[in-house]
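Visitor: One structure follows; several queries about it will come next.
The values are calculated or read from the model by the stated rules, or taken from the named source; none is laboratory data. Remember, predicted model here, so these are calculated numbers, not experimental data. Note that we place each Cβ from the backbone using ideal geometry, even for glycine, and neighbour counts take in every protein chain shown. Note: areas computed on protein heavy atoms with side chains; ligands, DNA, RNA excluded. Shrake-Rupley method; radii C 1.70, N 1.55, O 1.52, S 1.80 Å.
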Amino acid sequence: MQHSTPGPPDADGLLAEQLLRLTRRLHRSQKRQLESADIAITPAQSRLLRTLAHYEEPPRMADLAARLEVVPRAVTSLVDGLEAGDCVRRAPDPSNRRVIRIELTDTGRATLRALRDARRAAAEDILAPLTAEQREVFGGLLSTLVDGPPPRC
């Protein structure tokens, strides 16, 4: 009978698992914050609201679908749910009445503020054990990972 000896620990696999666990913990904490603020919103709806806030003028559904990298039908469903909660409204384009634009409402802006507050509180909770210097280093490392390596010439 042949026994396999364990090889060296899979350091990258362990890091990947830790990142996933940290992400799940952040999501759970943010969800608790939103529930305590009595805000019922899905992660996909949250992403659409955050994306919508970056436009200078209300975008078309197709613009949102392209930016979110989803099919237009997915945006329609998200907008339907957000519209039912009075976070967004469909409005005809003034220059072409056949084009529908998606606008944030006052409720949508308040929801965005609550989302930011919940995300900030969740991050504070998770980052609490780190010193200010450790947070700065961690932020730099995360930025490097998120932005990816510089392009090669």
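Visitor: Please find, within the range 1-33, the residue that is modelled with the highest pLDDT out of those that are more than 30 Å from Asp117 (Cβ to Cβ) and open to solvent by less than 80 Å² (accessible area, probe 1.4 Å).
Guide: Once the filter is applied, the top-ranked residue is Gly13.
Visitor: Inspect all residues belonging to the range 51-71 and state whether any of them is surrounded by 11 or more Cβ atoms within 10 Å (Cβ to Cβ) and within 25 Å of Ala16 (Cα to Cα).
Guide: Yes, the range 51-71 contains at least one residue that is surrounded by 11 or more Cβ atoms within 10 Å (Cβ to Cβ) and within 25 Å of Ala16 (Cα to Cα).
Visitor: Here is a follow-up. Out of (1) closer than 27 Å to Ser143 by Cβ; (2) touching a helix residue (DSSP H, G or I) at 6+ places or on another chain (Cβ under 7 Å), what's the single condition that is false for Leu14?
Guide: The failed condition is (2).
Visitor: Can you give me the number of residues within the range 85-109 that are of a type outside the set (D, E, K, R), in contact with a Lys or Arg (Cβ under 8 Å, 6 or more places away or on another chain) and open to solvent by 30 Å² or more (accessible area, probe 1.4 Å)?
Guide: Selection size over the range 85-109: 3.
Visitor: Can you find, within the range 116-149, the residue that is farthest from the chain's Cα centre (by Cα) among those that are open to solvent by less than 80 Å² (accessible area, probe 1.4 Å) and of a type in the set (Val, Ile, Thr)?
Guide: Thr131
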